[in-house]
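J.: Structure provided below as structure tokens; questions to follow.
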Amino acid sequence: MALSREFWGDYQVSDFDTITEDESFALLEKRDHMYPGMAALMPLAHQGVVLDFGCGPGSDTIGFLLNGAEHVYAADVSPKALRMTCDRLHAHGFDDWCT
């Protein structure tokens, strides 16, 4: 378990200190190109509550919220990933979502 936390604490698929909404959208677009059709599947989150376990830098978290999820719980073993997810939430105006 400690090795996993060490690895994921240092390694992130995206790495930033701060991020703007435009930069966050660019990361979402990049991810959609890596995984064709991913953005088209996000509206399935309309069903209500979503658990984004292993949220990383928050791409799916943002995608679910932008596509109508009522609430998203984002979890990760990496404090760095959680910080980046919160930064992205704030950049998109989801200021009340990060505690």
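J.: Is there a residue being open to solvent by 60 Å² or more (accessible area, probe 1.4 Å), among the β-branched types (Val, Ile, Thr) and under 21 Å from Asp95 (Cα atoms) anywhere in the stretch 45-61?
T.: The answer is yes, given that some residue of the stretch 45-61 is open to solvent by 60 Å² or more (accessible area, probe 1.4 Å), among the β-branched types (Val, Ile, Thr) and under 21 Å from Asp95 (Cα atoms).
J.: Then there's this: Looking only at the stretch 40-68, which residues are modelled with pLDDT of 90 or more and polar (S, T, N, Q)?
T.: Matches in the stretch 40-68: Ser59, Thr61.
J.: Please go through the stretch 78-99 and pick out each residue that is surrounded by 16 or more Cβ atoms within 10 Å (Cβ to Cβ) and in contact (Cβ under 8 Å) with a residue 60 or more places away in the chain.
T.: Ser78, Lys80, Ala81, Met84, Asp87, Arg88, Ala91, His92
J.: Cβ-Cβ below 6 Å, separation at least six or inter-chain, first residue in the stretch 20-34 and at pLDDT 90 or above, second open to solvent by less than 60 Å² (accessible area, probe 1.4 Å) and part of a helix (DSSP H, G or I): which pairs?
T.: Correct list of pairs: Thr20/Ala91; Glu21/Ala91; Ser24/Arg88; Ser24/Ala91.
J.: For the stretch 27-44, give me each residue that is surrounded by 13 or more Cβ atoms within 10 Å (Cβ to Cβ) and of a type in the set (Gly, Ala, Ser).
T.: Residue satisfying the conditions is Ala39 alone.
The values are calculated or read from the model by the stated rules, or taken from the named source; none is laboratory data. Everything numeric in this text was worked out from a predicted model, so none of it was measured. In this analysis, Cβ positions are derived from the backbone assuming ideal geometry, glycine residues included, and neighbour counts consider all displayed protein chains. Heads up: the accessible areas ignore ligands, DNA and RNA and are worked out on the full protein's heavy atoms, side chains in. Shrake-Rupley method; radii C 1.70, N 1.55, O 1.52, S 1.80 Å.
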